[in-house]
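Reviewing the structure listed below.
The values are calculated or read from the model by the stated rules, or taken from the named source; none is laboratory data. The model shown is predicted, which means the values in this text are computed figures rather than measured ones. Glycine also receives a Cβ, built like all others from the backbone with ideal geometry; neighbour counts cover every protein chain displayed.
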Amino acid sequence: MKIFFILLFMLIASMDTFAKDFNSKISTKPDSILKIDTSNQRQFMPIKNLLNQSLHGEKNISYIVVGDSKRHVVADYPALYQSILDQLHVNFHKNAIGGMTAKRWLSSTNIRVGFNTAIQDATGDQGERTIIEYSLGGNDYNLAKATGNNDLYGAIAPSIRKSIIDLKKALPKVKIVLVSPLGSYRKALKKLYRDISKEFDLPLIENPMDRYRDNPETKSSYFFEGSIHPNEKGAKCLVYSILYALTDKEIHKEISIFH
């Protein structure tokens with residue numbers, strides 16, 4: 001019996017050590033990159049080709065982020081994007097605004113006209129050398145839920161669909177990549193973003209930070225400021241992982257952050 005308890009104690013101790021080692025590895029992950037493999041996904045090729053052209057000297061290529069506070073507060077998002085995009089000679093523009101909804105972005109003439117004008121001024125064309133990262137809908141979800149609207153899909157989908165339609169109409173040759181929003185609503189919006197991706201044949205990156213937000217060890221301390229906004233480390237992992245997914249092996253070799 002004594003031997004049994006000794007063995008049981010050793011087993012529990014080894015499991016505790018394993019758990020600590022595992023959590024330690026998780027805790028250091030945001031400083032690295034989630035290497036999302038998009039090599040076999042056809043929808044990503046136009047963006048990858050454009051970024052390769054920029055690496056080899058093509059000028060006036062722009063990367064624009066359309067989003068809400070998850071791309072706006074806590075971290076210095078422009079600096080994070082530019083740390084990679086500057087090496088590719090790509091211009092970065094931020095159209096992320098705290099509290100922004102897909103519906104408001106769609107209906108706000110000042111925001112959208114200014115946005116489209118900025119793109120055209122920066123690139124001198126109708127989007128041929130422009131990449132737009134689109135990640136809205138989280139605040140729409142919260143507003144719909146707060147007003148008792150049970151048809152959350154129906155409340156959000158029309159605004160996002162029309163945003164994509166209007167972007168492609170204003171900038172016919174623009175390259176759009178969808179990134180599913182991060183937040184408590186992420187599971188519901190994943191389905192919507194998958195449907196939008198399929199309908200418009202657009203590349204989709206399912207938010208890489210989801211795996212950390214669901215982990216009790218990292219949910220609110222190491223990766224996040226509060227419950228939904230990535231902190232500096234979380235933002236770094238988010239931005240670098242997105243840009244890794246949008247580039248190919250040649251660029252991965254050129255950018256030290258990706259090693």
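Below are the figures for this structure:
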{"item": "The stretch 191-205, residues that are out of contact with any helix residue (DSSP H, G or I) (no Cβ under 7 Å at 6 or more places or on another chain), surrounded by fewer than 16 Cβ atoms within 10 Å (Cβ to Cβ) and either of a type in the set (S, T, Y) or at pLDDT 90 or above (or both)", "result": "R194, D195, K198, E199"}
{"item": "Selection from the stretch 86-100 of residues that are of a type outside the set (V, I, T) and either assigned to a strand (DSSP E or B) or within 21 Å of L55 (Cα to Cα) (or both)", "result": "D86, Q87, L88, H89, N91, F92, H93, K94, N95, A96"}
{"item": "Where N49 falls short, out of the listed (1) modelled with pLDDT under 90; (2) loosely packed, with under 15 Cβ neighbours inside 10 Å", "result": "(1)"}
{"item": "Residues that are assigned to a helix (DSSP H, G or I) and in contact (Cβ under 8 Å) with a residue 24 or more places away in the chain, drawn from the stretch 169-192", "result": "A170, R186, A188, L189, K191, L192"}
{"item": "The lone exception for I160 - which of (1) among the hydrophobic types (A, V, I, L, M, F, W, C); (2) within 25 Å of Y63 (Cα to Cα); (3) modelled with pLDDT under 90; (4) assigned to a helix (DSSP H, G or I) it fails", "result": "(3)"}
{"item": "Close pairs from the stretch 65-85: first aliphatic (A, V, I, L, M), partner in a loop (DSSP other than H, G, I, E, B) and crowded, with 21+ Cβ neighbours inside 10 Å, Cβ under 8 Å, at least 6 apart", "result": "V66/L136"}
{"item": "The stretch 52-79, subset part of a helix (DSSP H, G or I) and surrounded by 20 or more Cβ atoms within 10 Å (Cβ to Cβ), residue farthest from the chain's Cα centre (by Cα)", "result": "S54"}
{"item": "Residue that is modelled with the highest pLDDT, among those in the stretch 206-242 that are under 19 Å from L189 (Cβ atoms) and polar (S, T, N, Q)", "result": "S241"}
{"item": "Residue match in the stretch 45-55 (condition: under 28 Å from E250 (Cβ atoms) and in contact with a Ser or Thr (Cβ under 7 Å, 6 or more places away or on another chain))", "result": "yes"}
{"item": "Sole residue being among the hydrophobic types (A, V, I, L, M, F, W, C), modelled with pLDDT of 85 or more and either surrounded by fewer than 20 Cβ atoms within 10 Å (Cβ to Cβ) or closer than 24 Å to G127 by Cβ (or both), chosen from A170, A146, A188", "result": "A146"}
